[in-house]
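Below is one structure; the comments refer to it alone.
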Amino acid sequence: MIIVLLGPPGVGKGTQAKKLAEHLGIPQVATGDVLRAAVREGTALGLAAKTVMDRGDLVPDDVILGIMKEALASPAASRGAILDGVVRTVPQGEGLKRVLHKLGRPLDAVLMFEAPTDELVRRLSSRTVCDSCQTPYTGREPGSACQKCGGRLVRRKDDEPEAVRNRLAVYERQTAPVIDWYRRNGAPFTSIDAVGGPDEVFRRVVQALPQ
Ligand code: AMP
């Protein structure tokens, strides 16, 4: 099953993607995570992406398409994948369509997560992540210990107020048009109310899955 998760920054795509990946037994492909790992490892990809990511801008489509192709062609994704934050521009949507066509696989669902902007800003500005295992937390201070691995919680550079403002503007300008594009393309599209706790939202996700 190939499922695309769409939605603005802070809406909880990553949290829901992890739950869904576990529920369906297929991998989560999160381009943001792949890029952050490349930054930590200091690879050429990471060095090129870091400044763009810190500002909250999008990395070029060809870079994303490369990551997407490799992930979908890997044996881990033979039964499917949850694409989390992967399709952020119309050219990326077109690129994914071509890749799936070549692989002979359908797009099973596009789940669009929605929440009011003030809720997104509140979530992003109170988010910290573990600098070791990358688990995200809401409302726990930077410097405290990760409950999973004991690592140190830090604030993502792109969760600082200026980058958050830019990410929301970038979303409106470059990603929101993807919604109409998918609708026009007749994709299996469902909107999901992302206000509420992770388990409550996940129940709506499971209900929205194709039978
Ligand atoms: P995320 O973790 O999904 O919020 O992504 C963090 C950052 O990685 C984004 O603000 C972009 O700079 C970059 N990024 C992740 N996915 C994409 C994508 N599909 N297209 C362009 N840039 C991306």
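Please report the carbon-and-sulfur percent of the accessible area for the stretch 1-98; probe 1.4 Å, protein heavy atoms only, DNA, RNA and ligands left out.
Here it works out to 58 percent.
With θ set to phi - 60° and the Karplus curve 6.51 cos²θ - 1.76 cosθ + 1.60, what are the ³J(HN,Hα) couplings of the stretch 205-211 in order, to the nearest whole Hz, using x for Gly and Pro?
Result, rounded to whole Hz: 4, 4, 5, 7, 6, x, 7.
Distance between the C-alpha centers of the stretch 1-43 and the stretch 58-75? Whole Å please.
Cα centres, the stretch 1-43 to the stretch 58-75: 13 Å.
Collect residues whose amide H, placed 1.01 Å from N in the peptide plane, falls under 5 Å from the amide H of Phe189; neighbours closer than 5 in sequence don't count.
Here the answer is Val110, since their amide H atoms fall under 5 Å of that of Phe189.
By a straight-distance test (C-alpha under 23 Å), which lysines pair with Lys148 as possible cross-link partners, with residues fewer than eight away in the same chain excluded?
Lys13, Lys18, Lys19, Lys157
Rg to Rh for the chain: what is it, with Cα atoms only and Rh by Kirkwood?
0.94
Under 5 Å between amide H atoms, partner at least 5 residues away or on a different chain: which partners does Leu6 have, H built in plane at 1.01 Å?
The list, which skips near neighbours in sequence, is Leu111, Met112, Phe113.
Kindly rank 61-71, 98-108 from highest to lowest mean number of other beta carbons found within 10 Å of each residue. Write down the numbers at each step before the final one.
Values: 61-71: 17.2, 98-108: 13.4.
Highest mean packing first, the order is 61-71, 98-108.
Can you bin the stretch 89-211 into rounded, prolate or oblate? Criterion: square roots of the alpha carbon gyration tensor eigenvalues sorted a ≥ b ≥ c, rounded for a/c under 1.5, prolate for a/b above b/c, oblate for the rest.
prolate
Mind listing the phi-derived Karplus ³J(HN,Hα) values for the stretch 63-70, rounded to whole Hz, using 6.51, -1.76 and 1.60 with θ = phi - 60°, and x for any glycine or proline?
3J(HN,Hα) across the stretch 63-70, in whole Hz: 5, 5, 4, x, 5, 4, 4, 4.
Considering amide H positions built from the backbone, and no H for Pro or chain starts, which residues 5 or more places from Ala81, or on another chain, come under 5 Å of its amide H?
Ile2, Ile3
Taking the solvent-accessible surface of protein heavy atoms with a 1.4 Å probe, what is the per residue accessible area of the stretch 2-208 in Å²?
On the way: 10300 Å² over 207 residues.
Per-residue accessible area for the stretch 2-208 comes out at 50 Å².
Which whole-Hz couplings ³J(HN,Hα) result when phi for each residue of the stretch 186-194 is put into the Karplus expression 6.51 cos²θ - 1.76 cosθ + 1.60, θ = phi - 60°, listed in order with x for Gly and Pro?
Computed from phi, the couplings for the stretch 186-194 are x, 6, x, 9, 9, 8, 10, 6, 9 Hz.
Would you mind telling me the antiparallel percentage of the DSSP bridges in the chain, rounded to 5?
About 25 percent, rounded to the nearest 5.
The values are calculated or read from the model by the stated rules, or taken from the named source; none is laboratory data. The structure presented is a predicted model; accordingly, all values stated were derived computationally and were not measured. Counting neighbours? That spans all protein chains shown, and the Cβs are built from the backbone with ideal geometry, glycine included. Note: areas computed on protein heavy atoms with side chains; ligands, DNA, RNA excluded. Shrake-Rupley method; radii C 1.70, N 1.55, O 1.52, S 1.80 Å.
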